[in-house]
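The values are calculated or read from the model by the stated rules, or taken from the named source; none is laboratory data. These numbers were taken from a predicted model, which means no experiment stands behind them. Cβ sites come from the backbone with ideal geometry, for glycine too, and all protein chains shown count toward neighbours.
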Amino acid sequence: MSSVVSSVKWSFSTSIIRKIITFVLFLVIANIFDRTQLGIYREFALIIGFFGGISLFSSHTLYIVEKDDTLFQKLLPLILILTLLISCILTLSAPLLGSFYHSVTLTFLLRFSLPVLLLEVLRQYIRSFYQKQMNFRFLSIAETMNVLFYSVIALILIPFIPDIKLFILIFYTGNLLELILLFHQCKPLNIFPKSFTSGFLSNSLIRSVKAAKEKLHFLFFSTSATTINMLLLELPVLILGLYFKPEHIGNYFIAFQLIMMPSSLITMSLSQVFFSKFSQIDTYEYKDKLNRLYDIEFNLLIPAFLIYALLIREWIPVFFGTKNILEIRWIVLFLFFKSMSLFIMNPISSFFAILKKPQIEFYWSVIALFLSNLVVYLFRHQSFVMVLGLFISLSVLIYLSFNWLVFHQIKYSISRFNRHLLFMFLQVAIIIGIWFMSNRFITTMIESPYILLSTKTILALLILSGYLFVKNRFTNNSIITQVNQLIRTQRV
């Protein structure tokens, strides 16, 4: 069995367990906290992630793609100093950020963000050690323990103490548990430099700065590109939160949990594993796998996920009530197209780092961020749904342009990809058309909301079954055959 397939299986199977647990937790807290509190939680988590990415300075990415294993020890002192400095900046800017996002609670949380930021940076940094070793089994177990711990504690306490600050504390306590597990497992490997305690400033830090200086070109462009890409991915929260009330961000958070979190089951598993593996092999070894991977995504994953998205829109009133239901349903549909583009992009999202050309991704990111912010600024006085729809439409084109840039670098057939892409869009349009026409007919025939919802669920299963039957019956290479071929590709 290929190490890639084995790693994907571990990452994917444990991700399913984690998503089921967090989905149950999400249903509970979404009915306890109001939309404003959910928006505050989302904004705080993203701000921490944003500043954490800057603090890491792409050192974890450099360690994975470089052959020099000593970089893990060399860069750590500099990363800790950067984290402390950025934590001070974040603490001092807490009132400003809180006023931007119209939240006193967010100001309070950011004032005490130093330990949280340090925790997140160390956790991500140590995770890179296991990623490079392709030890996704232990990574998956540690992350699952994290999710299980904070979910159980939250389910016990939050119903009796409905405070968003307590929930955030519980969430990051789970991350602390994961850090302890990761550190304990690799502690015998002496991840801290020997001079870390005795001569930190004079020895370790100077050595760390020297190592970073030698790779400054990669670190600067990679960090800049990663930071901008995060802004692009989370612009609806980080940027739209400046123009719209936290309640809209709360609605976006609900839709995000329903669509983007399930899609990350596959995309994150693929991107982490393929990044680690592609950094170790030659170009000719992964072109065939990309062909098979895109065949599976275009012909199975994306159409199946579309049917899930269409069905979950009908279940929103059951889970969250009818408040702002129309806005959430529109956001769910928009986020499907965003997740679709990420399905396509994520397996090759780190190729410019692997090719040691992060400057190309940086220039692409700057242009993409400018265009995205321009659209938001020009239409900021329109409704939240309209602005979000325009932004996501532009995002789909931007993410596809990233694929074309990568394909140009690795000499992958762009014309073949475009043909498959157009055919996939045709399949998506047909499925959406069949769903809404059937949905409209059923709604006029059935009055009971419970029977109607059950019928729509059966309809979704019938559409998916019919689609799979047609694909396997009338195409030369069935989906099942394609999956088996991907799994049985050469041992590495």
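Suppose the filter is in contact (Cβ under 8 Å) with a residue 40 or more places away in the chain, within 26 Å of H217 (Cα to Cα), assigned by TED's automatic domain parsing to the domain that holds Y294 and crowded, with 19+ Cβ neighbours inside 10 Å; does S339 pass it?
Against the criterion (in contact (Cβ under 8 Å) with a residue 40 or more places away in the chain, within 26 Å of H217 (Cα to Cα), assigned by TED's automatic domain parsing to the domain that holds Y294 and crowded, with 19+ Cβ neighbours inside 10 Å), S339 does not qualify.
Is it the case that the range 421-432 has a residue that's over 17 Å from M340 (Cβ atoms) and in the same structural domain as R313 (by TED's automatic domain parsing)?
For the range 421-432, residues over 17 Å from M340 (Cβ atoms) and in the same structural domain as R313 (by TED's automatic domain parsing): absent.
Of the residues in the range 82-94, how many are more than 22 Å from I180 (Cα to Cα), free of Cβ contacts under 8 Å to residues at least 40 places away in the same chain and surrounded by 14 or more Cβ atoms within 10 Å (Cβ to Cβ)?
Residues in the range 82-94 being more than 22 Å from I180 (Cα to Cα), free of Cβ contacts under 8 Å to residues at least 40 places away in the same chain and surrounded by 14 or more Cβ atoms within 10 Å (Cβ to Cβ): 4 in total.
Consider L106 against the criteria (1) over 28 Å from A212 (Cβ atoms); (2) aliphatic (A, V, I, L, M); (3) surrounded by fewer than 20 Cβ atoms within 10 Å (Cβ to Cβ): it satisfies all of them except one. Which criterion is unmet?
(3)
List the residue pairs whose Cβ atoms are under 8 Å apart, where the first residue sits in the range 282-308 and is under 16 Å from F351 (Cβ atoms) and assigned by TED's automatic domain parsing to the domain that holds K356, the second is part of a helix (DSSP H, G or I) and at pLDDT 85 or above, and the two are 6 or more positions apart or on different chains.
As it stands, the answer is N291/R416; Y294/I344; Y294/F417; Y294/H420, since those pairs meet every condition given.
In the list I296, I331, I307, which residue meets the criterion of being under 17 Å from Q257 (Cβ atoms) and either of a type outside the set (S, T, N, Q) or part of a helix (DSSP H, G or I) (or both)?
Result of the check over I296, I331, I307: I331.
Take the conditions modelled with pLDDT under 90 and farther than 27 Å from M261 by Cβ and apply them to E66. Does it pass?
yes
Checking the condition at pLDDT 60 or above, surrounded by fewer than 17 Cβ atoms within 10 Å (Cβ to Cβ) and outside any loop (DSSP other than H, G, I, E, B), which residue from S202, S208 passes?
S202
Every residue in the range 78-102 that is farther than 30 Å from S208 by Cβ and touching a Ser or Thr at 6+ places or on another chain (Cβ under 8 Å), please. Give the steps one after another, and end with the answer.
Applying the first criterion (farther than 30 Å from S208 by Cβ) to the range 78-102 yields 95-96, 98-102.
The answer is P95, G98, S99.
Identify, please: which residue in the range 392-416 is more than 14 Å from S350 (Cα to Cα) and polar (S, T, N, Q) and is, among those, modelled with the lowest pLDDT?
For the range 392-416, the residue satisfying everything is S413.
Give me the pairs: first residue in the range 367-389 and under 23 Å from R329 (Cβ atoms) and at pLDDT 90 or above, second residue among the acidic types (D, E) and assigned to a helix (DSSP H, G or I), beta-carbon distance under 8 Å, and six or more apart or on different chains, which are they?
Partner pairs satisfying both residue conditions: F384/E327; V385/E327.
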